[in-house]
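Written out below as structure tokens is the structure these notes cover.
The values are calculated or read from the model by the stated rules, or taken from the named source; none is laboratory data. What you see is a predicted model; the values in this text were computed from it and never measured. Counting neighbours? That spans all protein chains shown, and the Cβs are built from the backbone with ideal geometry, glycine included. Surface areas here come from the heavy atoms of the whole protein model, side chains and all, with no ligands, DNA or RNA. Shrake-Rupley method; radii C 1.70, N 1.55, O 1.52, S 1.80 Å.
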Amino acid sequence: MAKRTFSTLETFLIFLLVMMTAITVALLSLLFITSGTIENHTDSGSQNFPTTQSTPVNGHSTATQSSPVTCTPEPPLVQNFSGYHIGVGRADCTGQVGDINLMGYAKTGQNARGLLTRLYSRAFIIEEPDGSNRVVFVSIDIGMVSQRLRLEVLNRLQNKYGSLYRKDNVILSGTHTHSAPAGYFQYTVFVIASEGFSNRTFEYMVDGIVKSIEIAHTNMKPGKIFINKGNVNGTQINRSPYSYAQNPPSERARYSSNVDKEMVILKMVDLNGDDLGLISWFAIHPVSMNNSNHLVNSDNMGYASYLFEQEKNRGYLPGQGPYVAAFASSNLGDVSPNILGPHCTNTGESCDNANSTCPIGGPGMCVAKGPRQDMLESTQTIGQAIYEKAQELYDSASQEITGPLVSAHQWVNMTDVTVQINSTHTAKTCKPALGYSFAAGTIDGPGSLNFTQGTTEGNPFWDSLRDQILGRPSEEIKECQKPKPVLLHTGELSKPHPWHPDIVDVQIITLGSLAITAVPGEFTTMSGRRLREAIQAEFTAYGMLNMTVVISGLCNVYTHYITTYEEYQVQRYEAASTIYGPHTLSAYIQLFRGLAKAIATDTVANLSRGPEPPYFKQLIASFIPTIPDRAPIGRTFGDVLQPVNPKYRVGEVAEVVFVGANPKNSAENRTHQTFLTVEKYEATSASWQIVCNDASWETRFHWHKGFLGQSNATIEWHIPDTAQPGIYRIRYFGHNRKQDILKPAVILSFEGTSSAFEVVTT
């Protein structure tokens, strides 16, 4: 290989990388905080917004670590009916929307600076008519479920409900939006990507997930579940077609597309036929909002949920109403919503090649775009198409799900699984490692250091830099991971905590003829197809015929990607991120087949529990300091700095700027349930009625961080065509951190209100 020379810019970037890495290692070693010194704040209630204006109640939530098991009364059961007991619940889990990284792109500087839409946890509890078995599925508007998040949720459920909700019958699944807060992980790779651990966000998410389950628990009623399937067109492309093409031609010939277009939906109704909820599974990356975005939001799948719930909950504000619609992730590993495909941003030419690189500018210029020029419009276009197909399938669903509920679960050490390749040969999984192409990113969000996808050889410079900072990877891990050139030997790094998980969950829940397979990562299209077929074949072999197997992605613990063995050989981003080596998929297929066999043969009780995962008590503090808020001299928090115009037409944007405070304070003191409201004056009642909140897609909450604790908040209302003419105002709800000398910090709530303005139709 020819010796590489570096430009002045590359040399400067390398120097910065070395310095940043050295600082990071120092922080990892020094910046410990015990869990006892992290402030824990418990949600004071469900995140419901009032439909009429009222003054928020001031108060402070209490700190709790754990509580004794309480005797929670069971909902009264109705027996002797055909169907299930069904409970649905939704609760806010937004967390921090300022001074925290967004989770997904791992792009330095992509910190949250406000809010586009709130994030929700959507829970569904299903129980057999006689109350003998129940299962829980939760879809959460976050990047992925971390192991720490799952363990804490299970602990709190056990404290409240005893053995009713357990590791085997509760599935937690992330939608995989890349615009949700980070900071809720315990393994070092993700802590670094999060720029530290945020207990504010962690507690907020845990509270929201538990609250959604509690709501579903208390709202259970007899009902029926119907299943339907259909293809969604015009929303996806395969972002690694070169990898997909490595799979055997005979296998590829069985499918009409290199992405899975099928959507599976469950329709839930009560015995009167009244709507209760929807779960949809569909394979698409929620990355319509690209890595230049700084507003927390739920992306395309969240927009589909928003549309479905607004349709079913007529008259309610977003986040309110009894109907719950979850659009859950599936085998989305190589599936992009940016359907115009990859093009060089500097020349406009296609860069749909094996390395996703441009002749001028390299891989950093190769970016895929959605169907619209604006990323928010692309989000809505893709989400609208997903919603419309789900609505069509929902309306025509007639095949009822019946039969027993069964759950099977194991913890597995994924670094040491022996895989039976054939009758004479075995292989093993590896200790975790990330390859060179991991640093290249994808066409949805390329990396910043000119790494290239499809790299199958190491680089002496980067190898030497890694060895000096982190130590040299062992020959064992390099040999096991071949042909991946190891960039980070994370499985051999354990300071301050292990860098990647060893122990992962494998789990299947069956509802009659439906099997929900909870996978701990991002399966590529063909990986998902092989897994589904293997599970279905196992069920069939033991007498459970015509099973529908769905893959629920990003569940329970995050382990990056899972490619096929063939895709692994060419080492694009997804393969470089398949951390347990080339036989990862085969190991998962073997493990999930074991669960399917146990369910089919009624031997779940004989499954080994497996090694329990760790729950670390010491975590690294956020790298972003918390400082008191300050208002400009002569101003107070909530004062208007830039007023609204006196009049707007529909289609225009009403905008007002307030003296602001850091919105992360509101993730601690939750006395306000929204950052903003848009209110219309009703002359008949002489009152202001809320028409929008910060969960509405037509509002934007922007936070502008200044110096020495000063900041501004800009609220936008993109006035929809459906807005009624009349008099309106915009209100801002915030919290400021006050710190007096030698006294503990306190968080105080405040409000601000714009002047009234008129909206007229064109």
Just to be sure before I move on: is ASN556 open to solvent by 20 Å² or more (accessible area, probe 1.4 Å) and either closer than 21 Å to SER608 by Cα or of a type in the set (S, T, N, Q) (or both) in the structure I sent? no
Please count how many residues of region 373-388 are outside any helix (DSSP H, G or I) and open to solvent by less than 30 Å² (accessible area, probe 1.4 Å). 0
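Please return the ranges of strands (runs of 3 or more DSSP E) entirely within region 464-537 where 3 or more residues are more than 18 Å from GLU574 (Cβ to Cβ). Break it down stepwise before answering.
Numbers: elements: 486-488, 503-511, 514-518.
In region 464-537, the matching strands (runs of 3 or more DSSP E) lie at 503-511, 514-518.
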Kindly indicate whether ALA575 is among the aliphatic types (A, V, I, L, M), part of a helix (DSSP H, G or I) and open to solvent by 10 Å² or more (accessible area, probe 1.4 Å). no
Of the conditions (1) more than 15 Å from MET103 (Cα to Cα); (2) open to solvent by 20 Å² or more (accessible area, probe 1.4 Å), ILE192 satisfies every one except a single condition; which number is it? (1)
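A quick yes/no check of all residues on (1) crowded, with 21+ Cβ neighbours inside 10 Å; (2) over 19 Å from the mean Cα position of the chain (by Cα); (3) assigned to a loop (DSSP other than H, G, I, E, B); (4) not charged (D, E, K, R):
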| residue | (1), (2), (3), (4) |
| --- | --- |
| VAL269 | no, yes, no, yes |
| LEU276 | yes, yes, no, yes |
| SER288 | yes, no, yes, yes |
| ASN293 | yes, no, yes, yes |
| MET301 | yes, no, no, yes |
| ALA325 | yes, no, no, yes |
| SER356 | yes, yes, yes, yes |
| ILE360 | no, yes, yes, yes |
| VAL367 | yes, yes, no, yes |
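Determine, yes or no, whether GLY315 is more than 26 Å from the chain's Cα centre (by Cα), among the small types (Gly, Ala, Ser) and open to solvent by 40 Å² or more (accessible area, probe 1.4 Å). Show your work before the answer.
Details: more than 26 Å from the chain's Cα centre (by Cα): yes; among the small types (Gly, Ala, Ser): yes; open to solvent by 40 Å² or more (accessible area, probe 1.4 Å): yes.
Yes.
State whether one or more residues within region 431-442 are among the hydrophobic types (A, V, I, L, M, F, W, C), open to solvent by less than 40 Å² (accessible area, probe 1.4 Å), part of a helix (DSSP H, G or I) and out of contact with any Cys (no Cβ under 6 Å at 6 or more places or on another chain). Let's see the steps before the verdict.
Step one: filter region 431-442 for residues among the hydrophobic types (A, V, I, L, M, F, W, C), giving 433-434, 438-440.
Among the residues that remain, those that are also open to solvent by less than 40 Å² (accessible area, probe 1.4 Å) are: 433-434, 439-440.
In the following step, the residues that additionally are part of a helix (DSSP H, G or I) were identified as 439-440.
Right, trim to out of contact with any Cys (no Cβ under 6 Å at 6 or more places or on another chain) and you get 439-440.
The answer is yes, given that some residue of region 431-442 is among the hydrophobic types (A, V, I, L, M, F, W, C), open to solvent by less than 40 Å² (accessible area, probe 1.4 Å), part of a helix (DSSP H, G or I) and out of contact with any Cys (no Cβ under 6 Å at 6 or more places or on another chain).
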Among the numbered conditions (1) in a helix (DSSP H, G or I); (2) more than 28 Å from the chain's Cα centre (by Cα), tell me where SER586 comes up short. (2)
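Yes/no per residue for (1) within 19 Å of PRO614 (Cα to Cα); (2) out of contact with any Leu (no Cβ under 8 Å at 6 or more places or on another chain):
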{"site": "ARG122", "(1), (2)": "no, yes"}
{"site": "VAL145", "(1), (2)": "yes, no"}
{"site": "LEU164", "(1), (2)": "no, no"}
{"site": "HIS176", "(1), (2)": "no, no"}
{"site": "SER179", "(1), (2)": "no, no"}
{"site": "GLY183", "(1), (2)": "yes, yes"}
{"site": "GLU195", "(1), (2)": "no, yes"}
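Does ILE192 satisfy being out of contact with any Phe, Trp or Tyr (no Cβ under 8 Å at 6 or more places or on another chain), closer than 20 Å to ALA695 by Cβ and assigned to a helix (DSSP H, G or I)?
Working: out of contact with any Phe, Trp or Tyr (no Cβ under 8 Å at 6 or more places or on another chain): yes; closer than 20 Å to ALA695 by Cβ: no; assigned to a helix (DSSP H, G or I): yes.
Criteria not met by ILE192.
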May I ask you to verify whether GLY581 is modelled with pLDDT of 95 or more, among the small types (Gly, Ala, Ser), open to solvent by less than 30 Å² (accessible area, probe 1.4 Å) and closer than 18 Å to VAL335 by Cβ? no
Working only within region 104-158, note down all residues that are out of contact with any Phe, Trp or Tyr (no Cβ under 9 Å at 6 or more places or on another chain), part of a loop (DSSP other than H, G, I, E, B), in contact (Cβ under 8 Å) with a residue 24 or more places away in the chain and not hydrophobic (A, V, I, L, M, F, W, C). GLY104, TYR105, LYS107, THR108, GLN110, ARG118, ASP130, GLY131, ASN133
Give the residue that is surrounded by the fewest Cβ atoms within 10 Å (Cβ to Cβ), with candidates limited to residues of region 241-252 that are of a type in the set (Gly, Ala, Ser) and out of contact with any helix residue (DSSP H, G or I) (no Cβ under 6 Å at 6 or more places or on another chain). SER250
Return yes or no: is GLY594 on the phi > 0 side of the Ramachandran plot and not polar (S, T, N, Q)? no
Region 123-170, subset under 30 Å from LEU271 (Cβ atoms) and of a type in the set (Ser, Thr, Tyr), residue surrounded by the most Cβ atoms within 10 Å (Cβ to Cβ): SER139
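I'd like to verify a number: residues in region 708-748 that are polar (S, T, N, Q) and open to solvent by 40 Å² or more (accessible area, probe 1.4 Å), how many? Before the answer, list the steps.
Taking region 708-748 as the starting set, the residues that turn out to be polar (S, T, N, Q) are 710-712, 714, 722, 724, 736, 739.
Cutting the leftovers down to open to solvent by 40 Å² or more (accessible area, probe 1.4 Å) gives us 710, 712, 722, 724, 739.
Here the count works out to 5.
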It is to be established whether one or more residues within region 156-166 are under 27 Å from PHE81 (Cβ atoms), at pLDDT below 95 and of a type in the set (S, T, N, Q). no
With under 26 Å from PRO498 (Cα atoms) and either within 25 Å of the chain's Cα centre (by Cα) or not small (Gly, Ala, Ser) (or both) as the only criterion, which of ILE237, ILE171, ILE215 stands out? ILE171
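Of the residues that sit in region 195-222 and are part of a loop (DSSP other than H, G, I, E, B) and on the phi < 0 side of the Ramachandran plot, which one is surrounded by the most Cβ atoms within 10 Å (Cβ to Cβ)? Explain how you work it out, then say what you get.
From region 195-222, those part of a loop (DSSP other than H, G, I, E, B) are 195-196, 198, 219-220; that's our starting set.
Filter once more, so that each one left must be on the phi < 0 side of the Ramachandran plot: 198, 219-220.
Working: SER198: 28, ASN219: 16, MET220: 23.
Step by step, filter region 195-222, then rank; the result is SER198.
Between THR684, THR674, which is assigned to a loop (DSSP other than H, G, I, E, B) and surrounded by 23 or more Cβ atoms within 10 Å (Cβ to Cβ)? Give the derivation first.
Working: THR684 fails: surrounded by 23 or more Cβ atoms within 10 Å (Cβ to Cβ).
Criteria check complete, one pass: THR674.
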Out of the residues in region 522-532 that are touching a strand residue (DSSP E or B) at 6+ places or on another chain (Cβ under 8 Å) and surrounded by fewer than 24 Cβ atoms within 10 Å (Cβ to Cβ), which is nearest to ALA433 (Cα to Cα)? LEU531
If a residue has to be buried (at least 18 other Cβ atoms within 10 Å of the Cβ) and part of a loop (DSSP other than H, G, I, E, B) to count, how many in region 590-615 make the cut? 1
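So that you can scan it fast, the table gives a plain yes or no per residue for (1) crowded, with 16+ Cβ neighbours inside 10 Å; (2) free of Cβ contacts under 8 Å to residues at least 40 places away in the same chain; (3) among the aromatic types (Phe, Trp, Tyr); (4) in a strand (DSSP E or B):
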site: ALA631; (1), (2), (3), (4): yes, no, no, no
site: GLY634; (1), (2), (3), (4): no, yes, no, no
site: LEU641; (1), (2), (3), (4): no, no, no, yes
site: VAL644; (1), (2), (3), (4): yes, no, no, no
site: VAL659; (1), (2), (3), (4): yes, no, no, yes
site: ASN665; (1), (2), (3), (4): yes, no, no, no
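From the list TYR588, TYR580, TYR573, TYR615, pick out the single residue that is in contact (Cβ under 8 Å) with a residue 12 or more places away in the chain and touching a Cys at 6+ places or on another chain (Cβ under 7 Å).
On the way: TYR588 fails: touching a Cys at 6+ places or on another chain (Cβ under 7 Å); TYR573 fails: touching a Cys at 6+ places or on another chain (Cβ under 7 Å); TYR615 fails: touching a Cys at 6+ places or on another chain (Cβ under 7 Å).
After applying the criteria, what remains is TYR580.
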